[in-house]
Amino acid sequence: MADQQGTTNLIEYGGGEGLLERLPKGHLIHTLVSEHVQILVLLRKIDGIRIKLLTLEVLEEDRDALDILRQFAERLLKTENHHLREEWVLFAEMEKRGIAGPSEVIRKEHELLRHLKKRLMGLSSTGLKKKSFGTITSEIDETTDRLISNLVAHIHKEDYVLYPAALQVIDDPASWASMRERCDQIGYGPFSPESASSK
Ligand SMILES: [Fe+2]
Ligand SMILES: [Fe+2]
């Protein structure tokens, strides 16, 4: 269980070794890192709601808190195409070049993250129909803590290890251009910068 100071210190962000500054807007890794920044902003807000819920004796003190958490969880679930662009385009391209290890690990992490996001969504939307407020807040606390720590570690690994590795092994501009087109086909989401699509 996280303490009431929160996991916020885990969410401070270094910016992926300057990838945002080094890469042009529209480069698919620039897009992925930009999305990470937005996801981390949302995680800070989710952590804030978690802390607020822990201070309430009864939900009536702040009925909106659960509703806001549900909206945040819903928004976080809209990052699915971010994961698909990574799995189907970026890490698939690395696999073609003989770097297979990370894809498997990343796919498993995406699965766990998806499960935790859905669990948070369930707890904040229908949880109270089945369980007491005290039980719900403690399950939200535990789920949020796991979600934030796993997602922050995941983002950190991608920004500082896997994306820089991809930039090294995929060294021809034509491959990056065709990968971006494949990303366009998968699509973008509410976290994506305007420069994401090549169209
Ligand atoms: Fe990922
Ligand atoms: Fe990512």
*Starting from the stretch 62-90, take each residue that is closer than 18 Å to Y163 by Cα and list its partners that are assigned to a helix (DSSP H, G or I) and among the basic types (K, R), counting only C-beta distances under 7 angstrom and pairs at least six apart or across chains.*
E87/R107; V89/R182
*So which residues in the stretch 169-196 are closer than 16 Å to W88 by Cβ and outside any loop (DSSP other than H, G, I, E, B)?*
S175, W176, S178, M179, R180, E181, R182, C183, D184, Q185, I186
_Against the condition within 25 Å of Y188 (Cβ to Cβ) and either buried (at least 18 other Cβ atoms within 10 Å of the Cβ) or in contact with a strand residue (DSSP E or B) (Cβ under 6 Å, 6 or more places away or on another chain) (or both), how does V105 come out, does it pass?_
no
*Hey, I155 hits all of (1) closer than 16 Å to V33 by Cβ; (2) out of contact with any His (no Cβ under 6 Å at 6 or more places or on another chain) but one; which does it fall short on?*
(2)
*asked:* Show me the helices (runs of 4 or more DSSP H) entirely contained within the stretch 37-133 in which 3 or more residues are away from ligand 1 (no atom under 13 Å from the Cβ).
replied: 64-77, 91-96, 101-125, 127-130
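Values quoted throughout were computed directly from the atomic coordinates according to the rules given, and no laboratory measurement underlies them. In this text the structure is predicted, and so the values were computed from the model without any measurement. For neighbour counting, all protein chains shown are included, and Cβ atoms are generated from backbone atoms with ideal geometry for every residue, glycine included.
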